[in-house]
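Below is one structure; the comments refer to it alone.
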Amino acid sequence: MDLETALLHGYPVIDQMTGASSIPKYQASTFHQENFREHDGYTYTRFGNPTIEAAETCMAKLEHGRHGLAFSSGMAAINAALFLLSQGDHIVLCHDIYGGTFQTLTEMLVRFGISYTFVKGQEPKNWEQAIRPETKLFYLETPSNPLLNVVDIEAVVSIAKKNHIQTICDNTFMTPIYQNPLTLGVDLVVQSATKFLNGHSDVVAGFLVMNDDHLYQRLKKHQKMLGAILGVEEAWLFLRGVKTLALRMEKSVTTAVLLAEHLQRKNQVSRVYYPGLASHPGQLVHQKQASSGGAVLSFELLSTEAVYGLFDAIKLPIVAVSLGGVESILSYPWQMSHGCMSEQDRLAAGVTPALVRLSVGIESLADLTADLDQALDKVNPSH
Ligand SMILES: Cc1ncc(COP(=O)(O)O)c(C=O)c1O
């Protein structure tokens, strides 16, 4: 079954009890048990709920995994995954990961005796060189947020497997439509469904997807023990939003490619970061493992003042801390997604004060181009 079809028919979409065309919101915290010694599968929503399970089955299907687990946010999913680590363990991560993941490691897990090494993930040998006897996990994000750096998933997985290390891949930017890390040997996929999967900027949600039964049992326990489950209402909204994922992505990506090329030609833009461009250093690796450059691009202007000018003049995209909505979203990683990192860490990761990130929505290409042009013209009227 193609993914476009699976989005509509590949998981429980019809309510078994009534035939309703969408799984109802089973808005209950607890379930009556005729006989308390046995139950029909559901006892308490933190342990399991039919609406939430439909969302989990949906994500497992889309990511080509056997098991899905839903969480109250992408960060809750990431934290549940990082709790695979124990005191004394070591994790290797790519340099420019999502700021929240960076913060969890450097401010929280470090207090529990977990150590970490950040590497420039584009070079597989950097992962190998960072391995220590106590290394348990590799954590990669490709393309990365916000610089769209590309990690060679298969190369890194092969190093990990040789060294009995598990790999986690944050697949939020590509979505399962364009990249399937589990089929490339990754053990665990992270998704912030807040972004493209839900797609309407009205839900915060996260998922973990995996194949291994033992890993699933461990993480199912983490879900239950940490308690950051997805709400029933959010699970239902996710199930509604995800049905149009393929359509939304197709439109956004077509526009993103053309906008990236357009921005490359602008004098006010010093660099465009988009893995679909021939000028992107990771383009060949990206093409090998993903079927599109995606709908997020970043670009650098000539100065911080120019960035302020652009944000003052732009009219169509909302200016916000997120991505993956039907509306285009312009954001400023320096102060938004990566603002929780120290200035030194941001610069080391390549996140500069002149960098802007654009998540391309489903508006018309002509309107988005005209809006970016008028805003850039105000930044520097001579061009
Ligand atoms: C790549 C990536 N992963 C994870 C997250 C965290 O997801 P959430 O905001 O749903 O907790 C984000 C949020 O921006 C992200 O961009």
Practice task
Taking the chain as the reference, fit the longest principal axis to its C-alpha atoms, fit the long axis of helix 153-162 to the helix C-alpha atoms, and give the angle between the two in degrees, 0 to 90, nearest 10.
Solution key: 50 degrees
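Once you compute Rg and the Kirkwood Rh from C-alpha atoms, what is the Rg to Rh ratio for region 1-159? Please list the in-between numbers first.
Values: Rg = 20.0 Å, Rh = 18.7 Å.
Looking at region 1-159, the ratio lands at 1.07.
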Exercise for the section: Mind giving me the FRET efficiency for A28 and M1? R0 is 35 Å, r the Cβ-Cβ distance, nearest 0.05 is fine. Expected result: 0.65
Exercise for the section: Using θ = phi - 60° and the Karplus relation 6.51 cos²θ - 1.76 cosθ + 1.60, list the HN-Hα couplings for region 327-333 in order, rounded to whole Hz, with x at every Gly or Pro. Expected result: 8, 5, 10, 9, 9, 10, x
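Quick check of the Kirkwood formula: for region 164-242, what is the inverse mean of 1/r over all pairs of different Cα atoms, in Å?
13.5 Å
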Handout entry: Rg/Rh (Cα only; Kirkwood hydrodynamic radius) as it applies to region 111-171
Key = 0.95
Exercise for the section: Per residue of region 265-274, in order, report the coupling 6.51 cos²θ - 1.76 cosθ + 1.60 (Karplus, θ = phi - 60°) as ³J(HN,Hα) in whole Hz, putting x for Gly and Pro. Expected result: 8, 8, 5, 6, 9, 8, 7, 10, 10, 7
Fill in the blank from the handout: Cα convex hull volume per residue for region 296-383, in Å³, equals 87 Å³
Completion exercise
Correct response: the longest run of the chain lacking exposed GluC sites (Glu not before Pro), defined by DSSP loop and at most 10 other Cβ within 10 Å, is 39-383
Exercise for the section: Beyond 24 Å, what share of the Cα-Cα pairs of region 68-185 is found? Please give it as a whole percent. Expected result: 19 percent
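To the nearest whole percent, what portion of all C-alpha pairs in region 165-208 is separated by more than 15 angstrom? It would help to have the intermediate numbers written out before the result.
Details: 375 of 946 pairs.
Result: 40 percent of Cα pairs exceed 15 Å.
For region 227-383, what ratio Rg/Rh do Cα atoms give with a Kirkwood hydrodynamic radius?
On the way: Rg = 16.5 Å, Rh = 16.7 Å.
My calculation puts Rg/Rh at 0.99.
Quick check on the chain: helices-only [θ] at 222 nm, where DSSP H runs of length 4 and up contribute -39,500 (n - 2.57) each and the sum goes over total residues. Nearest 500, please.
Values: 14 runs with 137 residues, N = 383.
Using -39500 (n - 2.57) per qualifying helix, the result is -10500 deg cm²/dmol.
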Practice task
For region 196-243, just the Cα atoms, rotate onto the principal axes and tell me the three extents in Å, largest first.
Solution key: 34, 22, 13
Completion exercise
What the 10 Å binned alpha carbon P(r) of region 220-312 shows, as percent of pairs per bin from 0, is 14, 28, 24, 24, 9, 0
Exercise for the section: Enter the per residue convex hull volume of the chain, computed from alpha-carbon coordinates, in Å³ rounded to the nearest integer. Expected result: 137 Å³
Problem - Nearest 10 degrees, 0 to 90: helix 50-62 Cα axis against the chain principal axis - result: 50 degrees
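Loop only per DSSP, at most 13 neighbouring Cβ atoms within 10 Å: give me the trypsin sites (Lys or Arg not before Pro) in region 244-343, ordered by residue number. The partial results should precede the final answer.
Working: sites: R248, K251, R265, K266, R271, K288, K315; in loops: R265, K266, K315.
Here the sparse-neighbourhood loop sites are R265, K315.
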Completion exercise
In terms of the charge dipole of region 245-379, which places +1 on Lys and Arg and -1 on Asp and Glu at the beta carbon, the residue among V360, I329, A278 farthest towards the positive end is A278
Handout entry: Anchor K378: lysines whose Cα lies under 29 Å away (excluding residues fewer than 8 positions away in-chain)
Key = K251, K266, K315
Exercise for the section: Considering the options V232, I23, G48, tell which one lies farthest towards the positive end of the dipole of region 3-242, charges being +1 on Lys and Arg and -1 on Asp and Glu at the Cβ, about the Cα centre. Expected result: G48
Completion exercise
P(r) of region 280-346 over all Cα-Cα pairs, 5 Å bins starting at 0, rounded to whole percent, reads 3, 13, 19, 21, 19, 16, 8, 1
Practice task
Classify region 37-82 as rounded, prolate or oblate, taking a ≥ b ≥ c as the square roots of the eigenvalues of its Cα gyration tensor: rounded when a/c is under 1.5, otherwise prolate if a/b is larger than b/c and oblate if not.
Solution key: oblate
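All of the numbers you see were taken from the coordinates with simple rules; none came from a lab. These numbers were taken from a predicted model, which means no experiment stands behind them. Virtual Cβ from ideal backbone geometry, glycine too; neighbours counted across all protein chains shown.
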